[in-house]
1. Arranged from highest to lowest average of other beta-carbon atoms within 10 Å per residue, in what order do the peptides 51-58, 86-93, 124-131 appear?
2. First measure r as the distance between the Cβ atoms of residue 149 and residue 128, then evaluate 1/(1 + (r/R0)^6) with R0 = 35 Å and state the FRET efficiency to the nearest 0.05.
3. Going highest first, how would you order 74-85, 159-170 by mean Cβ packing within 10 Å?
4. Report the calculated FRET efficiency for residue 75 and residue 180 (r = Cβ-Cβ distance, R0 = 22 Å), to the nearest 0.05.
5. Rounded to the nearest Å, what's the spacing between the alpha carbon centres of the range 113-184 and the range 55-104? Just the number, please.
6. So how far apart, in nm, are the two label points at residue 84 and residue 118 if each is 7 Å from Cα heading toward Cβ?
Amino acid sequence: MTNAKGTKTFRILTETTATLPDRADLPAGVAASDVENPYWLWDELPPHPAPEKGCIQRGLCCRSSPGRFAPGEVEQAAALLGKTPDAFVKRYLVIDEVQVDEQTVHVFAPVKLDRKGRPALPTGGPVDKLYQVLRGTCVFFDGTTCKIYDARPWECRAYICTKAPEENPSNADVGRKWLAGADE
Ligand code: SF4
């Protein structure tokens with residue numbers, strides 16, 4: 001939708017976004033008027049200061065794409081925050097779907113937050129494919145660090161942004177862990 005001032009608005013889930021002419025983080029060659037929904041715009045990652053160190057907790061993936069839990073990890077993360085698994089899931093997690101070969105597998109994942117810091121999707125239940133394309137900060141990221149770092153999800157532990165994509169875990173990899181049904 002375009003209003004009288006020429007600003008496009010785009011409603012997604014709980015919020016209305018708009019093109020922001022003063023955005024400073026647009027990649028080269030992308031005009032603000034090209035961007036209908038800032039969530040779906042992937043910025044260029046800033047260069048890693050020391051690639052040989054791997055993860056240095058810059059929080060870049062925590063700001064866009066939280067990792068999924070493997071079996072047994074939700075219980076550990078809940079205990080870290082002093083919650084029962086049931087209360088932890090209802091407050092912080094969603095149930096995402098991944099494909100393993102042609103099989104759909106349901107896995108727990110942290111909910112993503114909208115730009116006002118609210119869950120962008122209802123917690124405690126399944127989400128559709130929108131979860132995977134919606135960009136949003138992980139509910140456990142406090143702006144500096146992970147609130148459950150010692151019990152963070154398997155994908156968060158396995159993913160290193162300096163690795164080649166084929167060396168990082170795929171959606172199917174975490175799905176296989178749930179199909180196997182055991183901690184590794
Ligand atoms: S669980 Fe922790 S490490 Fe994983 S994305 Fe969220 S804040 Fe980052």
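1. The most tightly packed comes first, giving 86-93, 124-131, 51-58.
2. Efficiency at R0 = 35 Å is approximately 0.75.
3. 74-85, 159-170
4. Efficiency at R0 = 22 Å is approximately 0.85.
5. Value for the Cα centre distance between the two parts: 6 Å.
6. According to this spin-label approximation, the distance is 2.7 nm.
Bear in mind that the values in this text are calculations on the coordinates, not laboratory data. Computed from a predicted structure; not experimentally measured. Cβ coordinates were reconstructed from backbone atoms using ideal geometry, including for glycine residues, and neighbour counts include every protein chain displayed.
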